[in-house]
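Read through the structure below, which is laid out as structure tokens, and then see the notes.
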Amino acid sequence: MLAFALRRIVISVPILLVASFIVFALATYSADPLGPLLAKNPPPPPSVIAAETARLHLDQALVPRYLSWLGGLFRGDFGPSVVSTQVIGDQLAGRFWITIRLVVLAMVIALLLSVVVGVITAVKQYSKSDYAATFLGFLFLAMPSFWLAILLKQGGIEFNGAVGTQAIYTIGSSSVPAPKGFWANLVDIAGHLVLPTIALALISYAAWSRFVRASMLETLNSDYVRLARAKGLPRRTVMVKHALRTALIPLTTVTALDIASIIGGAVVTERVFQWKGLGDLLLTSIQTSDVYALTSWLLVAAVVVIVFNLIADLLYGVLDPRIRYA
Amino acid sequence: MPEPRTSTTLTDQAQLAQTPGAAPVDREFTVAERSQTQLVFRRFLQHRAAMISLVVLVLLVLLAYVGGALWKYDVGEITPDNSVPPSLDHPFGTDAVGKDQLAQVLGGTRISLQVSVVVTLFATAIGTLWGSIAGFFGGRIDTVMMRIADLVLTLPLVAVAAMLGHNFGGTWYLIAFVIAGLYWAYVSRVARGVVLSLREKEYIEAARALGATNTRIILRHLVPNALGSILVNLTILVALAILLETALSYLGFGVQNPDTSLGLLVSEAQTALTTRPWLFYFPGLFIIIIALTINFIGDGLRDAFDPQQTKVRQ
């Protein structure tokens, strides 16, 4: 299993290299990091422009520029930002934990919810609860995540207005200044997580519950499940030990494949709730043509996606005894 | 026998399919093929949710194009009434500068529909060909081509599309090309899976035995046969493409003023949710209706093509 994990990591390195080069080239050729500086009125003196050009390595050709950025990565240096006081590595590290807690929590909730609802709707196929859950699933699938998030935010604001106190946090990832003490801080962060997590989780839940339902229906109709019932095992045992375990195996792949789109969804959700997370960093980097920040951001996102895919593949071995990573 | 048996080639069958009634009675294969299509068609007609969705979607398209052309206000036209709630004169109300919201929403709907058509056409064409070639040849070619697709799939779509949209975008067709330029990778994954199972079929072997070139086998045998199942799997991507465009426009990296899009309308309305809620609800409702109907149609198509999937043996 360790050898398998190592081999997978080694295989993903070239993908990351090529991906980062393409993103770097696209970002470099499509935007001018000096644009805001040159647009200033009165125009800045040529010496300032020359200094900025040298600081951002704009005097180098594309390939050496990329290689020097790549070399810097090994020293923990993500390259110079267009905002000279800003260190890209610190920005990424600080915001990473803000975004990842939203992403992971939303994923866990969406998974639990989709398994429960998927199983119930599969067992009670064509019942009223099945139709209701199916319709809701389709509805969430068709709903733009930002629209749902804005609605939730508005609901939170109106609830606060009705109660007359700040019962639900609608803006930011934590209070400023942060409350004193570990527990108070934790409660504050959890409180800020509620609405964004619901908004992000519901979208994934919709797709996954449909998938669990279909997968569960397939296993419920298989011969070995009927045999297990026929030989007199209790219904509950058959459902959980025989059917559910098999039905969940493909879900790990689907979840891993969706992680990139959940990060994308987090970018949108963070914008609605005005979080200063990775999403905000991405959007600002795009707006200011911050090539190094942009490429570093996408590299971090790609690493997260690859790590999650690796975990999913390893889980496969745990869930499915037929698969052994020899 | 009016014709020799050798004339049952692919092109002949295609011509026969176009002119029903011209087929001689003894062409059993043509008859069998048609009845399969009829079966699929009949199953689709019986899928109530899919049929209702199809009617709603057709009505929506008519409303967006015909209704939008007939409606007394144009997109971006400023009327003397500003911030009017929904009324007879302005069924969807007006915004702060007096733009008629019905005209705006219908304009945005047209953009969303156009984006989805362009994305579907290009992403399906590129992705199907890419996946077919990879799946057909296998081996090293497959590895390299699928690694390239993986590379696209590794990056969050919204992030890359926002970057490209900011730098190259603005108008709806550029946004559509950006989305299609990322979506083909999903399509190629689906197409490869379908082709992998098809390439072992007897008729491929027969075609090869008859001396058909690889290009001919891919274009004349693999792609047409794979297309049905690929399209069924892709209807959900059409809805996702629409949602992606609205999300990009919401973030400010999609369709820009003076063009309008449903995402842009929601984005502009989000600050006025308490004072002018109609600006927020109507474009959102239209996004939901479009995506919902397309998903239901996809569901109906899936059931029609593969009735096994939903049937329960009691």
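The values are calculated or read from the model by the stated rules, or taken from the named source; none is laboratory data. Note that the structure is a prediction, hence the values are computed from the model and not measured. In this analysis, Cβ positions are derived from the backbone assuming ideal geometry, glycine residues included, and neighbour counts consider all displayed protein chains. To get the accessible areas, we keep the full protein, side chains included, count just its heavy atoms, and leave off ligands, DNA and RNA. Shrake-Rupley method; radii C 1.70, N 1.55, O 1.52, S 1.80 Å.
General observations
- The mean number of partner chain beta-carbon atoms within 10 angstrom of a residue's beta-carbon across peptide A:302-315 is 1.
- Taking every alpha-carbon pair in chain A and binning the separations at 20 Å intervals from zero gives 25, 48, 23, 3, 0 percent.
- Between 0 and 90°, nearest 10: helix A:2-30 axis offset from chain A longest Cα axis: 40 degrees
- Cα-derived Rg to Rh of the stretch A:1-58, Kirkwood definition: 1.33
- Per-residue Karplus couplings for the stretch A:208-213, computed as 6.51 cos²θ - 1.76 cosθ + 1.60 with θ equal to phi - 60°, are listed in order as 6, 5, 4, 5, 4, 4 Hz, Gly and Pro entered as x.
- Mean accessible surface per residue for the stretch A:104-158, computed with a 1.4 Å probe while every protein chain stays in place, in Å²: 44 Å²
- Positions from the stretch B:118-158 whose accessible area shrinks by 20 Å² or more when the full protein complex is built, not the chain alone, probe 1.4 Å: B:ARG147, B:LEU151, B:LEU153, B:THR154, B:LEU155, B:PRO156, B:VAL158
- Theoretical FRET efficiency, 1/(1+(r/R0)^6), r = Cβ-Cβ of B:ASN225 and B:LEU121, R0 22 Å, to 0.05: 0.65
- Membrane-span-like helices of chain B, defined as complete DSSP H segments with a Cα extent of 24 Å or more along the helix axis and a mean Kyte hydropathy of at least 0.0, are identified as B:101-137, B:172-198, B:223-251, B:278-305.
- Ranked by solvent-accessible area (1.4 Å probe, protein heavy atoms only, all chains present), the residues A:ILE120, B:ILE217 order from largest to smallest as A:ILE120, B:ILE217.
- Between B and A, roughly 4000 Å² of accessible area is buried in total, ligands, DNA and RNA not counted and the probe set to 1.4 Å.
- Accessible surface for A:MET239 stands near 40 Å², nearest 10, in the context of the full protein assembly shown (1.4 Å probe).
- Based on C-alpha pairs under 8 angstrom that are at least 6 apart in sequence, the stretch B:38-305 has a relative contact order of 27 percent.
- For q = 0.13 Å⁻¹, Debye-computed log10 I/I(0) when each Cα of the stretch B:38-305 counts as one equal scatterer: -0.90
- Three-way shape label, the protein assembly as shown, alpha-carbon gyration tensor, a/c 1.5: rounded
- In the stretch A:202-228, the residues whose accessible area drops by at least 50 square angstrom when the other protein chains are added to the isolated chain are A:ASN221; the probe is 1.4 Å and only protein heavy atoms count.
- Over the stretch B:166-255, all Cα pairs binned in 5 Å intervals from 0 give whole-percent P(r) values of 3, 12, 19, 16, 13, 11, 9, 8, 5, 3, 1, 0, listed from short to long.
- Translational D in µm²/s for the stretch B:68-171 (Stokes-Einstein at 25 °C, 0.890 mPa s, Kirkwood Rh from C-alpha pairs): 141 µm²/s
- Spacing of the two label points (7 Å from each Cα toward its C-beta) at A:ILE171 and A:LEU67, in nm: 4.9 nm
- Highest-first packing order for the peptide set B:197-208, A:104-115 is A:104-115, B:197-208, based on the mean count of other beta carbon atoms within 10 Å.
- The portion of the accessible surface of the protein assembly as shown made up by carbon and sulfur, rounded to a whole percent, is 67 (1.4 Å probe; DNA, RNA and ligands excluded).
- Area of A:ARG229 that stays accessible when all protein chains are in place (1.4 Å probe, Å², to 10): 110 Å²
- Here's how it looks for B:LYS99: its modeled amide H is under 5 Å from those of B:THR79, which are all 5 or more places away or on a different chain.
- Accessible area per residue for chain B is 49 Å², calculated with a 1.4 Å probe on protein heavy atoms, without ligands, DNA or RNA.
- Put the Cα centre of the stretch B:237-280 next to the Cα centre of the stretch A:83-131 and the gap is 23 Å.
- Sorted from greatest to least, the principal axis extents spanned by the alpha carbons of the stretch A:31-157 come out as 74, 37, 26 Å.
- Net charge over other residues, Cβ less than 15 angstrom from the Cβ of B:ILE111 (K, R count +1; D, E count -1): -3
- Long-range Cα-Cα pairs in the stretch B:161-314 (distance over 28 Å), rounded percent: 42 percent
- Solvent-accessible surface of protein heavy atoms, probed at 1.4 angstrom with all chains present, puts A:TRP208, A:TRP183 in the order A:TRP183, A:TRP208, largest first.
- Across the stretch A:92-319, the relative contact order, built from alpha-carbon pairs under 8 Å that are at least six residues apart, equals 29 percent.
- Reduction of at least 20 Å² in accessible surface, 1.4 Å probe, comparing all protein chains with the chain by itself, residues of the stretch B:239-277: B:LEU243, B:ALA247, B:TYR250, B:LEU251, B:PHE253, B:VAL266, B:GLN270, B:LEU273, B:THR274
- Per-residue accessible area (protein heavy atoms, 1.4 Å probe) orders B:TRP172, B:TRP184 as B:TRP172, B:TRP184, starting from the largest.
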